[in-house]
1. Select the helices (runs of 4 or more DSSP H) contained entirely in region 175-285, then report the ones holding at least 2 residues which are closer than 27 Å to S142 by Cα.
2. What tally of residues in region 156-173 results from selecting those that are within 16 Å of Y303 (Cα to Cα), surrounded by fewer than 19 Cβ atoms within 10 Å (Cβ to Cβ) and either touching a residue at least 60 places away in the same chain (Cβ under 8 Å) or not assigned by TED's automatic domain parsing to the domain that holds N203 (or both)?
3. So which residues in region 286-320 are modelled with pLDDT of 95 or more, among the hydrophobic types (A, V, I, L, M, F, W, C) and outside any loop (DSSP other than H, G, I, E, B), if there are any at all?
4. Which of the residues that make up region 77-89 are surrounded by 21 or more Cβ atoms within 10 Å (Cβ to Cβ) and assigned to a strand (DSSP E or B)?
5. Kindly evaluate Y106 against the criterion of being of a type in the set (F, W, Y), outside the structural domain of Q293 (by TED's automatic domain parsing), crowded, with 20+ Cβ neighbours inside 10 Å and under 28 Å from K25 (Cβ atoms).
6. For region 9-67, which strands (runs of 3 or more DSSP E) that fit wholly inside it have 3 or more residues that are at pLDDT 95 or above and out of contact with any Pro (no Cβ under 6 Å at 6 or more places or on another chain)?
7. Condition first: farther than 14 Å from G93 by Cα and either surrounded by 11 or more Cβ atoms within 10 Å (Cβ to Cβ) or among the small types (G, A, S) (or both). Now tell me which residues in region 138-152 satisfy that.
8. Which condition number in (1) modelled with pLDDT under 95; (2) surrounded by fewer than 22 Cβ atoms within 10 Å (Cβ to Cβ) is the one that G247 fails?
Amino acid sequence: MKKRIIAALIALVLILALCAGCGAKPVSTGKTGVVRDEEFGNVYIAPTIDEFNALGFAFGDSVDIKFDNGVVLRDIPYYSGYYVPVGELLLCGYPGYPHPVVARNYGDPTWEEFGMNEASKVTVTLNAKGKYAANQEFFALSYSDERSDFDSDIKFANFREVRGGGLKEGLLYRSASPCDDQHNRAAYADALAEEAGVAFVLNLSDTEKTYAEHASAEGFGSEYYDALCKDGKVLLLGLNANYRADGFAKTISGALAVMAENDGPCLIHCVEGKDRTGFVCALLLALAGASSQEIIDDYMITYDNYYGVTKDDMPDKYEAIKGNVDDFLLCLCQVEKGADIESLDLKAGAESYLRRGGLTEDEIAAIEAYLAG
């Protein structure tokens, strides 16, 4: 009898536990608003990254995303960076972003893709806890926005001359933004641009509207850059990250044609001077006859400057990040992933990209002449 009573009590405890588990509140945002990411055209969800994580989400989780227009995205990785292959979807809580963003890595804007408007709603729900934690841990990179954490102004501003192939010395420079101070680098990049004698700028990230916001912000001190802008020597291109898109090719091709009509030195930048800048510099280096290794070396300096990633110190991360450059070159040459990068005719590929962007043979020749000096 006693044994039967104990067994019944154990069964009752298990039933109560199961019922409690069934009633547990799922990790979810509930129905919340969306905000258009003005820079890249992607979908921000309304909670801040800290608010989103406080709900029980963590980088490396798998999530489901349901929009109120019926679009449902299943098993989407939530990362602190763009740690998915080119074109794939993720939910990204990138450091410095105001909200988690639904985006495609180097892909088309998701706001239009998923039919969003200002009244749209979205629900994000946990699919699987930590499903992508190993990938998050492997790729996770962050950098400081404090000058004191860097060896030099040059590293902090990610400022450097672009060198390779037959590129004229002292002609091209790249950096973090000298006008957008969200990472506290604008004043340093501006001073280095003045020191280098920069006379023309390709601003890949800003529009007239966003530049006006930077210039009117309290503490704006990029006087050299602002003078160039007022003199018509800064092209405000407002590009997103999808270098494979026809619109990107058309915009950057036209900008390079204008660049070739101006005297150098020329500065190329976006916000961090990393990816959009990296692609455009790869394009120009290819036009100048640089090797794939020279293009890779130029791109990877940014990861040394910001994160201390080098081939010797972090070989696995170095090789994974290098895949970004590989895709730049595959895009230029219009070949599929897996092609032998070293066997590609990069100059011919770069010329073909400019033709796709609408340039004539004479305009392409003028750009190449400019680069050679």
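The values are calculated or read from the model by the stated rules, or taken from the named source; none is laboratory data. The shown structure was predicted, so the numbers you read here are calculated from the model rather than taken from an experiment. Neighbour counts run over all protein chains shown; Cβ positions are idealised from the backbone, glycine included.
1. Correct list: 186-196, 208-216.
2. As a first pass, look at region 156-173 and keep what is within 16 Å of Y303 (Cα to Cα): 156-162.
Among the residues that remain, those that are also surrounded by fewer than 19 Cβ atoms within 10 Å (Cβ to Cβ) are: 161.
Among the residues that remain, those that are also either touching a residue at least 60 places away in the same chain (Cβ under 8 Å) or not assigned by TED's automatic domain parsing to the domain that holds N203 (or both) are: none.
The total comes to 0.
3. A286, L287, I295, I296, M300, I301 - these are the residues of region 286-320 that are modelled with pLDDT of 95 or more, among the hydrophobic types (A, V, I, L, M, F, W, C) and outside any loop (DSSP other than H, G, I, E, B).
4. P77, Y78, Y79 - these are the residues of region 77-89 that are surrounded by 21 or more Cβ atoms within 10 Å (Cβ to Cβ) and assigned to a strand (DSSP E or B).
5. No, not satisfied.
6. Answer list for region 9-67: 32-36, 62-67.
7. F138, Y143, S144, D145, R147, S148, F150, S152
8. Exception for G247: condition (1).
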